[in-house]
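First the structure, in the form of structure tokens, and then the observations on it.
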Amino acid sequence: MATAVQRARAGTMTWPVASGSLLLGFAVAQATGVRPLGGVVLVAGAGWCAVRWRRTVGTARTAALVGVYVAAFAASHVVADAVGTWPAVLLAAALAGLAALLVADLPATRGAIAA
């Protein structure tokens, strides 16, 4: 059975990009003061993931995962008032990454291992 590191090297894990793009997008927006630049990072990360998700889990699950990504991003703005900006972004990244792991990455690797 392949380890998580082997699966990540094979390019089958999308959760690091899903969660990392939320973190990096916010960091870029905050560091540069240009929010649309952070948005470019978000769109690039979500797009990259969506292409891979569609190949592995189909259109419906891809749409659901992109919906979770966008909802987590939007919710981070609401939650930021209560917990602060970075904690809100960390929570959003954790939710998006967990969704990608459970819906796309683990099922896809199980199929690859069994084949």
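Only the coordinates and a few stated rules stand behind these numbers; no lab work does. Computed from a predicted structure; not experimentally measured. Every residue, glycine among them, receives a Cβ derived from its backbone with ideal geometry; neighbour counts consider all protein chains shown.
Listed values, structure above:
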{"quantity": "Dipole moment magnitude, nearest 20 debye, the range 14-114 about Cα centre, only Lys, Arg, Asp, Glu C-beta charged", "calculated": "340"}
{"quantity": "Residue-span extension gain [A63 to L106] - 0.36 nm each, minus C-alpha spacing", "calculated": "13.7 nm"}
{"quantity": "Among G20, C49, Y69 - extreme Cα towards positive end, dipole of the range 18-115, charges at beta-carbon", "calculated": "C49"}
{"quantity": "Ascending count of other beta-carbon atoms within 10 Å, so fewest first, for R54, R35", "calculated": "R35, R54"}
{"quantity": "Pairwise label distance in nanometres, A75 with A44, each label 7 Å out on the Cα-Cβ vector", "calculated": "2.7"}
